[in-house]
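Here is the structure we will look at.
Rule-based calculations on the coordinates, nothing more; no lab input. The structure displayed is predicted, hence computed values, not measured ones. Positions of Cβ are backbone-derived with ideal geometry, glycine not excepted, and every protein chain shown enters the neighbour counts.
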Amino acid sequence: MGPAKLILDGNEYELPVVVGSEGEVGIDITKLRAVTGAITLDPGYGNTGSCQSAITFINGEEGILQYRGYPIEELAARGRFVEICYLLIYGDMPSPQELDEFRHQLTYHSLIHEDMKKFFEGFPPKAHPMAVLLSMISSLSSYYPESDNGEGEDLNIIRLLAKAKTIAAFSYKKSIGQPYIYPRNDLSYPGDFLHMMFAVPAEEYVVPEVLEQTLNLLLILHADHEQNCSTSTVRMVGSSQANLFASISAGIGALWGPLHGGANQKVIQMLQMIQDDGADYRKYVKMAKDKNSDFRLMGFGHRVYKNFDPRAKILKAQSDKVLSQIGVTDPLLDIARDLEQVALEDDYFIDRKLYPNVDFYSGILYRAMGIPTNMFTVMFALGRLPGWIAQWKEMRENPQGRIYRPRQIYTGETQRSF
Ligand code: SDX
């Protein structure tokens, strides 16, 4: 594809064009300021590519999501989270030997240093688990300092993946005043997490198969999503050559926001509020459309998906089956379905191409599994960990990599004397 032409202030410039492996077209403005003196302006970066990446492909118009070329529908149906971690981070599916070694490493490194337990004691009982996770992940850098030449980076990737689920489960146990349950080497990644969450010392707890499978699915669906807010944060922080743990804890902070990963907690709270208000969901759809009300339909809308979020489709399809297998019914699921039905028939949502996103149904499943609402975004973070790591690694291995440092258009006071 030929260059783009720009006419600015009577001058004509040519800008090279980059075409991706799926035909996406990007106007390369690397030299724009040097050549024209002008910069671009794109608040929220809705039209700006920060990088070229080979990890995840999304086609928002067609509702397509692929990890390293594999469709999310196939990975969700037959994948195991640990092999998807390997795929995202190292680029290809592992051989049986590579998978065994990777699993062994993740199992072997799942304990946290006993001294780290003291950090939990410093948090108030009602501390939000995202505050705990963010602090504990960044504190890993004090136990496993990154060497200047990046040596041991692979081991820190293993440590982070292995210890994050232990930290998450320990933070839950601390919040309910129960003793910590230590990782077990004989359980799968999702199974071990559920065991650490729900086992108690007094009795044997066998992780129900349906819970292990459901968590495996949820972790896979959340594993990566190209340059979303938290992943861009991880890349931004990592671009200064800050260590892996500091970069990931910055991503956890970004994910916490209710417009991003914090939405899954807000969806359940919204559905509960609607149920408490006589399940009058039409009233809330009306409020979501009213510019004067700051109420938004949480779990709806997406910057990239202007069609169904394929992850929401998969979770919606699974909800009925999982709830009946677990043996629970949840009136909030009926309200979610009614809400979706009404919204998708309403011009306001149709015109703005607002569909349910991954957060709309995920909370229903976490709830059915007995995971408390304030842990939902922690669950999102556990799923997104391999994606953040893969994107951080790709950014750090880019030989042309530069520190992320956007420009601005200044609109303040011009010079004046003090
Ligand atoms: C995630 O980026 C990713 O990939 C994120 C994620 C991932 O895997 O990493 O997919 C995970 O974060 C999913 C999104 C979770 N957030 C929510 O569910 C919160 C509710 N959704 C919105 O706040 C919003 O849709 C965003 C934040 C998701 C997207 O925001 P945008 O792209 O900046 O869109 P916008 O706010 O400019 O909205 C465009 C229009 C506006 O109306 P108008 O000004 O044009 O009249 O749509 C309206 C908005 O008011 N709108 C909504 C709405 N979302 C957008 N109106 C009511 N309810 C909503 N949920």
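Calculated on C-alpha atoms, the gyration radius of the range 4-64 divided by its Kirkwood radius gives an Rg/Rh of 1.02. Residue by residue, the range 236-243 carries 3J(HN,Hα) couplings of 4, 5, x, 5, 8, 6, 5, 6 Hz when phi is fed to the Karplus relation 6.51 cos²θ - 1.76 cosθ + 1.60 (θ = phi - 60°); x denotes Gly or Pro. Put simply, when 123-133, 369-379 are sorted by average Cβ atoms within 10 angstrom per residue, most first, you get 369-379, 123-133.
Dipole orientation for the chain: of the candidates H225, P406, T48, P406 has the Cα lying most toward the positive pole (charges on Cβ; Lys, Arg +1; Asp, Glu -1).
Here the range 173-215 and the range 2-69 have alpha carbon centers that stand 46 Å from each other.
Normalising the Debye intensity of the range 76-256 to I(0), with uniform scatterers on Cα atoms only, and taking log10 at q = 0.09, 0.15 Å⁻¹ returns -0.32, -0.96. Working note: Debye formula, equal point scatterers on the alpha-carbon atoms of the chain, no solvent; log10 I(q)/I(0) at q = 0.07, 0.08, 0.11 Å⁻¹ is -0.37, -0.48, -0.89. Projected label points at A202 and T48, each 7 Å from Cα along the beta carbon direction, are separated by 5.7 nanometres. Loop-located chymotrypsin sites (Phe, Trp or Tyr not before Pro) across the range 40-94 with a Cβ neighbour count of 11 or fewer within 10 Å are lacking, with loop assigned by DSSP. The listed peptides 172-184, 155-167, 332-344, 353-365, ordered by packing as a protection proxy, come out as 353-365, 155-167, 332-344, 172-184 (highest mean of other Cβ atoms within 10 Å first). Scalar couplings 3J(HN,Hα) for the range 403-414, obtained by applying the Karplus form with A = 6.51, B = -1.76, C = 1.60 to θ = phi - 60°, are 5, 6, 8, x, 9, 8, 10, 6, 10, x, 4, 7 Hz; x denotes Gly and Pro. Note on the chain: helix-only mean residue ellipticity at 222 nm, from DSSP H runs of 4+ residues weighted -39500 (n - 2.57) and normalised by residue number, equals -16000 deg cm²/dmol. Given their separation in residues at 0.36 nm each and the Cα-Cα distance between them, T36 and K126 gain 27.0 nm when the chain is fully extended. Mind listing the long-range amide H neighbours of Y13? Cut-off is under 5 Å, sequence gap 5 or more, other chains count too, H placed in the peptide plane at 1.01 Å from N. Excluding prolines and chain starts, which carry no amide H, the hits are L6, I7, L8.
Using θ = phi - 60° in the Karplus curve 6.51 cos²θ - 1.76 cosθ + 1.60, the 3J(HN,Hα) couplings for the range 388-394 round to 4, 5, 4, 5, 5, 5, 4 Hz; x is entered for Gly and Pro.
If R₀ is 41 angstrom, what is the calculated FRET efficiency for the pair A4 and Q97, using the beta carbon separation as r and rounding to 0.05?
Values: r = 48 Å, r/R0 = 1.16.
Efficiency, from the Cβ-Cβ distance: 0.30.
The H on the amide N of F300, modeled in the peptide plane, is under 5 Å from the matching H of N357, each at least 5 residues off or on a different chain.
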